[in-house]
Structure formats: structure tokens, C-alpha cells
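Okay, structure first, notes after.
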Amino acid sequence: MPNDLSFSNRHKDLAARDKEYVLGWRFEPRIVFERGEGTRLFDVDGNAYYDMSSGMMSLTLGHAHPELVDTIKSMAERFTHQSSWYTNPWAIEFAELLATTLPDPLKMTNFAVTGSEANEIAMRMALGATDRFDICSMVRGLHGGSLAAESMTSVGGARRRGLGPLTLPAKSNCIVPAFYYRAPVDDPDQWDEISLKMTEELIEYTTSQEVAALMLEPIAVPGGMIVPSDKWLRSIREIADRWGALLIFDECQLAPARTGKFWAFEHFSVVPDIVTFGKGLTAGFANCGTVTTPEIAEKTRGTMGLPWAGTYPQDPLPCAVGLTQLQIVLRDDLTGHAAREGVFIGERLAEIQAKHDCVGDVRGKGLYRMLDIVTDRKTKTPDAEMGERIRYHALEEGLLLIAVKNYVRFCPPTIATHDELDDMLGRLDAAITRAEEKHDIDIDISASSSLAANSLTR
Ligand SMILES: Cc1ncc(COP(=O)(O)O)c(C=O)c1O
């Protein structure tokens with residue numbers, strides 16, 4: 001067991017001061033990190049952990065990638081921020097190169113700082129382009145925390161409680177997900193039919209019937225890594241077309257490369273009218289955005305506050321970092337790497353699932369997977385506490401995982417080598433074994449972030 005989770009006095013002191021002065025969700029124990037290198041993070045005592053969430057799913061190239069370090073250093077000396085009414089070569093080249101990864105005519109980027117902002121730009125575009133009103137999102141979707149994006153979010157938990165009239169009516173969340181594992185019928189084809197029929201009815205009966213857009217993640221990650229069938233997603237496209245609505249895909253969790261396709265929607269025979277990006281395309285800097293067609297861009301120019309500017313979007317430093325990262329993703333064919341290693345990961349995780357009863361299901365694609373932790377396979381009852389136990393024992397194994405509710409995420413930096421992935425999987429297997437054997441945990445895990453969030457009763 002690489003880490004015994006006994007921390008130095010300095011470490012404990014920093015954790016105590018964090019608790020006193022910083023308001024934020026924290027997993028327990030509160031580990032304080034001070035360095036990252038490749039796929040690993042190091043805490044202030046020098047303990048090493050594989051970063052199994054790539055930061056916030058953002059570090060496609062891992063920590064301190066030498067070519068990104070060079071870009072950051074040179075941009076820090078040269079040019080960090082400017083008026084968003086002017087531009088710079090890095091923003092132009094980033095948008096241009098990103099357009100080469102997308103099917104024509106998706107080519108115009110409106111930059112944003114966060115994924116939430118990118119999704120709000122997409123919503124503004126849909127309203128401006130259609131002159132319509134309702135935006136329908138998917139149950140179990142997540143689109144961000146700014147208030148319009150939060151309204152589209154229904155991932156569950158206490159996120160929207162108490163927000164009242166600050167959010168749009170709940171009727172917005174009316175696409176019934178293709179969540180086959182937890183569907184009331186066993187046959188995925190049958191659930192496709194039912195969920196699509198329900199979606200059509202909800203759109204017809206609960207909206208104003210002035211539908212501007214259907215907005216969803218092509219694979220809904222935070223809601224449980226819900227991978228729909230090609231037929232289901234094609235039908236969503238058809239429903240959008242029937243209503244004269246645009247189709248918006250939120251790829252913040254998915255692009256680039258980690259699912260084994262540059263854009264996750266390429267796993268399906270569906271192309272959206274608008275696609276948003278964040279996290280994995282940012283390299284950890286604030287370089288998010290919304291891509292659409294020149295036609296939609298022109299139609300919406302001057303409406304709904306578009307194009308969106310703000311203070312920081314398309315700043316030279318984050319754009320240069322995003323550009324360097326994008327060039328490396330394409331040069332090193334990280335999409336192919338994720339697809340190839342994804343086959344291996346899929347096989348190994350299937351073995352882990354077969355071995356451990358608490359792993360009810362494993363879903364995802366390429367290098368992005370999620371373990372659905374259950375009390376037993378028959379009832380499929382979500383077991384968030386076991387998820388936390390796995391996360392805790394994984395720390396002892398030198399794996400830094402995110403567990404939210406009963407979902408344990410496997411999202412290493414896309415540069416992870418075959419040997420590193422093999423090592424991570426061995427450690428994960430050992431952590432699950434200890435969690436199932438109910439080894440002692442010397443902290444109160446009910447205070448750990450996701451369990452604490454679930455316990456809110458308001
Ligand atoms: C699918 C999805 N969309 C949008 C967002 C919001 O991104 P940000 O936190 O950068 O606003 C998130 C954040 O987790 C996300 O998972």
C-alpha cells in the first residue's frame with residue numbers, strides 16, 4: 001500500500017486553515033497538493049497519486065506538460081490579456097484549427113470563460129436564430145452552474161433547491177434519457193421507444209411549443225455516463241427537426257479525444273447545429289466556447305447580446321495554451337491512443353466488475369469510464385457510501401479518484417501510457433477489494449463532499 005494517509009503537521013495545519021478560511025466542497029481527508037507531473041499529483045508531504053480525474057476532467061496532457069510550460073512562460077512574458085473588442089493570432093488559430101476537427105459547416109467559435117457560459121451562449125444563439133422560446137434539456141443532464149445553465153441541469157441532488165424563481169421552469173428538462181441500466185424495462189430497444197415517446201409527449205404538452213433547441217450531452221457524464229444508442233440520438237435529432245428546433249450538444253466533459261473520437265458525437269451518426277466545449281479543450285485554463293455554423297452566427301448577430309464578449313474570453317494566454325494543446329492532441333493522435341487503450345480498459349474493467357459484486361455496471365467509451373456502485377446487482381440500489389469507501393482506499397493505493405454519489409469516475413489524462421493504465425487498474429482492483437472487506441477508515445466519510453451533499457434534506 002503506497003500511502004498510509006498519515007500526514008505531516010504542516011499538512012494537517014494547511015487542511016485546518018482550509019477548513020477555516022475557504023468555502024468549498026472537499027473530499028475527506030482534505031489532501032493538500034502542491035505539484036503535478038504527467039499523470040501524477042504530489043501532496044505537500046511528497047506522496048504521489050495518479051490523477052484519475054485529470055483535474056476537473058481538463059488536463060488532457062496531464063500536469064506540467066513541457067510544451068505547455070513553454071507556451072505559458074512565453075505568453076506570460078509577452079501577452080496575457082486584452083480588450084475583447086480586438087483579437088490576437090492565438091485565438092484566430094485556435095478557432096481555425098478547431099474548425100478542422102468538426103464537420104462543415106460547424107466552424108465559427110464564440111469564446112467563453114467557462115462551460116456554463118458557453119452553454120448560455122448556445123442558448124442565446126438558439127433563441128436568436130429561431131425566434132422561439134423553450135429550450136428542452138435531458139433529465140440527468142448537467143450544463144453548468146450559472147443560473148440559466150443551472151435551469152437546464154437536472155443531474156439530481158440538492159443543486160437547484162431553494163433557487164426558486166431564479167431558475168427557469170422545470171418543464172425545460174423534458175428529454176427522457178436512454179439510461180438502459182436503470183430503465184424500468186430490460187430491453188434497450190424497448191426503452192428507446194418508450195423514452196422517445198415520453199420525450200415527444202413532454203415537449204408537446206409541457207412546453208409553449210415554441211421550441212428553440214434541444215440541448216444535451218451526447219453522452220451524459222455527471223448524470224451517470226449514459227451512452228445512448230445511435231437510433232436514440234438520431235431520433236432526438238429528428239424530434240428537434242420536427243419542432244423546427246436547433247440541436248445543441250454540450251461536449252464539455254467529452255472533447256477532445258478521450259472517448260476514442262475527437263468529439264463524442266462522432267460515435268453517433270448525428271451532427272448538432274451548435275456544440276459547446278470546455279474542460280478537456282482548455283488544458284486547465286479558461287478557454288471554453290460555442291461553435292456553430294456561419295448561417296446561425298450571422299442570424300444571431302446583434303440579437304440576445306450576441307456575439308458574447310465579456311472581460312476574459314479569447315485572451316491571448318489561455319488561447320495560446322489551448323492552441324498548443326490542440327496541436328499536440330492532433331499531432332500525437334491522442335484520439336487513436338484513447339480508442340486503442342479504450343479496448344484494453346474496457347476488458348480490464350469488465351474483469352473488475354465480474355470480480356466485485358458492488359460494481360453493478362461500467363459505462364463509457366475510450367479512456368472515460370464510470371463505475372456504477374450498487375448494494376447488490378439484483379436491486380441495483382445505488383451505494384454512495386461504498387463509492388466513498390472505494391475512493392478512500394484508492395487514496396491509500398495512490399489513486400486520486402472522484403466519487404460523486406454512487407458513480408466512481410475513471411478519467412486519467414489522455415496521455416496515460418499502457419503501462420500506467422495497467423498500473424491504475426491494478427490499484428483500483430485492490431482498493432475495491434479493501435472497500436468490500438470493510439477495512440477501517442479513520443475519518444468520518446459521511447462528511448466527504450458527495451455524501452455530505454446527498455444528506456441535505458432541505
Ligand atoms: C457537461 C458539462 N457541461 C458544462 C459544465 C460547466 O462547466 P464550467 O464548470 O466550466 O462552467 C460542466 C461542469 O462540470 C459539465 O460537466
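Since every read-out is calculated from the coordinates, none of them should be taken as a lab result. Quantities reported herein were computed from a predicted structural model and do not represent experimental measurements. In this analysis, Cβ positions are derived from the backbone assuming ideal geometry, glycine residues included, and neighbour counts consider all displayed protein chains.
Structure notes:
- Partners for LYS197 among lysines (Cα-Cα distance below 21 Å; same-chain residues under 8 apart left out): LYS171, LYS231
- Counted residue by residue at 0.36 nm each, then reduced by the alpha carbon distance between them, the extension gain from LEU163 to THR381 reaches 75.6 nm.
- Fewest-first sequence of CYS319, CYS358 by Cβ atoms within 10 Å of each Cβ: CYS358, CYS319
- Beta bridges per DSSP, both residues in the chain: antiparallel share near 65 percent.
- Neighbour net charge for LYS19 - beta-carbon separation under 12 angstrom, K R +1, D E -1: 0
- Of LEU306, ASN110, TRP90, farthest towards positive along the dipole that unit charges on Lys, Arg, Asp, Glu beta carbons give the chain: LEU306
- Ordered by the number of other Cβ atoms lying within 10 Å of each residue's own Cβ, fewest first, TYR368, TYR21, TYR50 fall into the sequence TYR21, TYR50, TYR368.
- Across all directions, the average projected area of the convex hull around the alpha carbons of the stretch 1-52 is 4.0 nm².
- q = 0.09, 0.12 Å⁻¹: log10 I(q)/I(0) that the Debye formula gives for the chain, counting C-alpha atoms only: -0.59, -1.08
- Computed Rg/Rh of the stretch 68-331, alpha carbon atoms with Kirkwood Rh: 0.97
- Both the radius of gyration and Dmax for the stretch 97-194 are 16.1, 44 Å, in that order, over alpha-carbon atoms.
- Relative to the Cα centre, the charge distribution of the chain, modelled as +1 at Lys and Arg Cβ and -1 at Asp and Glu Cβ, gives a dipole magnitude of about 860 debye.
- Cβ-Cβ FRET estimate between ASP104 and ASP357, R0 fixed at 51 Å, reported to 0.05: 0.55
- Note on SER208 and SER8: their simple-model spin labels are 6.0 nm apart, each label 7 Å out from Cα toward Cβ.
- For the stretch 82-130: rounded, prolate or oblate by the Cα gyration tensor [a/c cutoff 1.5]: oblate
- Cα-based reach from LYS355 at 19 Å (exclusive), listing lysines while leaving out same-chain residues under 8 positions away: LYS378, LYS380, LYS438
- P(r) weight above 21 Å for the stretch 1-122, C-alpha pairs, percent: 61 percent
- Straight-line reach from LYS73: taking Cα to Cα under 26 Å and skipping same-chain neighbours fewer than 8 places apart, the lysines in range are LYS279.
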